[in-house]
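Asks: Sharing a structure here in structure tokens format.
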Amino acid sequence: MNGGKGEGLIWLLDNTDIGYKVPEFDIIDTSYYLDFLQGNTGSLQRLCNELALKYKGRNVAVRSSAVLSEDNEQFSGAGIYDTFFVDNLTPELLEEKVKQVYVSVNSSVAVTYRSSAGLGEEQMAVVVQERCNSIFNGVMQSRLHSLKGIVPVSWSRDIGEVVSGGEDVLHAFFRGEGSDPEDYKVVFHSEDITGYDTEEVRDVLIPIIYQLRERYGKEFEAEFCCDLDEYDNEVHMLQIRPLTNVVDKKVTFPDKKPIYSTEYKGFCMGVGEYIGPWVTRKMIIDDCNKPDHYVYIAQKFDQSREKRMPWKYTNYDLLTPNKKAMIITHNLHAGSHAMTLAQEQGILCLGKLEESEVPDFIPKSEYIHVVCDGFSGRVYEATKDEVELFASNIK
């Protein structure tokens, strides 16, 4: 078996007539993983020798491609398993990285993710793919998870910045439908876009996004790289997966003054409301008597470290497992792995996308009321009576 990422790449390769290219790749199927579990690594070693010779002199990505819990219609597995970017590939280095992907199958965050999803034992394939030399690496979605008609695109000059929640990420959100880029209006873009504009991004990517959605037959998220300039607009597709937990419903904002709002410099993911206590990371660390559920307030929500393996980065915040909503005051990224997992688990997320001129946000009262409509988010002060009424209504 080729796993979710591998199957997605095969599909992309079969549909390049849409107008993109796919960097060369090979899939180490799950039979090698099963041999690895039995202590038989001779076949893997031979394959790594062949692939290292094939990709000699090229930079590659060594990526997980799990069968049950990654890149399928129910589970994204975003950032759960390891990926490596390798220069100067050798057979020994390739075999080492493949085995590290195999080991990540049973990391604590992966086991927790599969357990909470009710999934059994995983099987792992591995994708070895040439890295393209384009300037920009990004994530496109056919729509926001919880608001139809908004097409988000995020990109960065640095590989992995978008999905890891890095700071040097640019965003453009478009509202529209159909295949004609001119029918799409910009509803948000990063303030520091320089050297090119959002119309360039729109004109290059919207036709591809539209055709991918039509051909793929479902809403999707995809990784890409391209240059986005007047000389070279060639798009390379690196991954495609179904968009999980798509929701379409309406919410109404309360008729009272908010104490925090995304306004025009931010957005939200998810649609709905939550009323309850709030915590910060410091409160979680310092106080063992944390609430059963809460709103998590932080400057950013990107990568954290596992306590038992301080060298191991994870893309989901293990310190705050009982959050029902999050308020991020700096650098909320629609395309990050952390946001994908939060959305998949029904956690409301709202915050700013720009770091400048954004004060830290701490409520004055013990309880707050979070409301998200899929694009905008607002926060209100709440009373204990409102909390108790909300709790009784959701039981």
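Asks: Per residue of the chain, what 222 nm ellipticity follows from adding -39500 (n - 2.57) for every DSSP H run with n ≥ 4, rounded to the nearest 500?
Replies: -7500 deg cm²/dmol
Asks: On to the next question. So, in nm, how far is label K148 from label I259 when the simple model puts each one 7 Å beyond its Cα toward the Cβ?
Replies: For the pair K148/I259, the computed spacing is 3.6 nm.
Asks: Next question. At R0 = 22 Å, how high is the FRET efficiency between D286 and E381 if r is their beta carbon distance? Nearest 0.05 is fine.
Replies: 0.40
Asks: Here is a follow-up. How far is helix 384-394 tilted off the main Cα axis of the chain, in degrees rounded to 10, range 0 to 90?
Replies: Here the helix axis deviates by roughly 50 degrees.
Asks: Put +1 on the Cβ of every Lys and Arg and -1 on every Asp and Glu Cβ in the chain; which of V204, P291, V22 then has its Cα farthest towards the positive end of the dipole?
Replies: The residue sitting most towards the positive pole is P291.
Asks: Neighbouring Cβ atoms within 10 Å as the yardstick, rank E386, E177, E122 fewest first.
Replies: E177, E386, E122
Asks: Using the alpha-carbon atoms, what tilt in degrees (0 to 90, nearest 10) does helix 198-216 show relative to the longest principal axis of the chain?
Replies: Taking the Cα atoms of the chain, the angle to 198-216 is about 70 degrees.
Asks: Moving on to the next point. Using Cβ counts within 10 Å as a stand-in for footprinting exposure, how do F253, F36 rank, fewest first?
Replies: Listing F253, F36 from fewest to most nearby Cβ atoms yields F253, F36.
Asks: Neighbour counts of other C-beta atoms within 10 Å: give me C132, C372 arranged from fewest to most.
Replies: By the 10 Å Cβ count, ascending, the order reads C132, C372.
Asks: Continuing with this model, one more query. So for region 50-156, what are the equivalent ellipsoid semi-axes in whole Å, largest first, each being the square root of 5 times an eigenvalue of the Cα gyration tensor?
Replies: 27, 22, 9
Asks: 5 Å is the cut-off here: which amide hydrogens, built 1.01 Å from N in the peptide plane, fall below it relative to E219, excluding neighbours closer than 5 in sequence?
Replies: Correct list: L243.
Asks: What angle do you read, to the nearest 10 degrees and between 0 and 90, between the alpha-carbon axis of helix 3-13 and the longest principal axis of the chain?
Replies: With rounding to tens, the tilt is 70 degrees.
Asks: Let me ask another. Starting from the Cα gyration tensor of region 136-242, take the square roots of the eigenvalues, sort them a ≥ b ≥ c, and report rounded, prolate or oblate (rounded when a/c is under 1.5, otherwise prolate if a/b is larger than b/c, else oblate).
Replies: rounded
Asks: Can you give me the distance in nm between label points at A391 and S115, each placed 7 Å from the Cα along the Cα-to-Cβ direction?
Replies: 2.6 nm
Asks: Sort the following peptides by mean Cβ neighbour count (other Cβ atoms within 10 Å, averaged over residues), highest first: 340-347, 254-261.
Replies: 340-347, 254-261
Asks: Please compute the length gained on full extension between Q211 and N59, using 0.36 nm multiplied by the number of residues separating them and subtracting their Cα-Cα distance.
Replies: Between Q211 and N59, full extension yields an extra 51.8 nm.
Asks: About its Cα centre, what dipole magnitude does the chain give when the only charges are +1 on Lys and Arg Cβ and -1 on Asp and Glu Cβ, stated in debye to the nearest 20?
Replies: With Lys and Arg at +1 and Asp and Glu at -1, about 1320 debye.
Asks: Near K300, which aspartates and glutamates are there with a Cα under 16 Å away, not counting those fewer than 8 places off in the same chain?
Replies: E161, E167, D168, D317, E354, E355, E357, D360
Coordinate-derived values only; no laboratory data. These numbers were taken from a predicted model, which means no experiment stands behind them. Note that we place each Cβ from the backbone using ideal geometry, even for glycine, and neighbour counts take in every protein chain shown.
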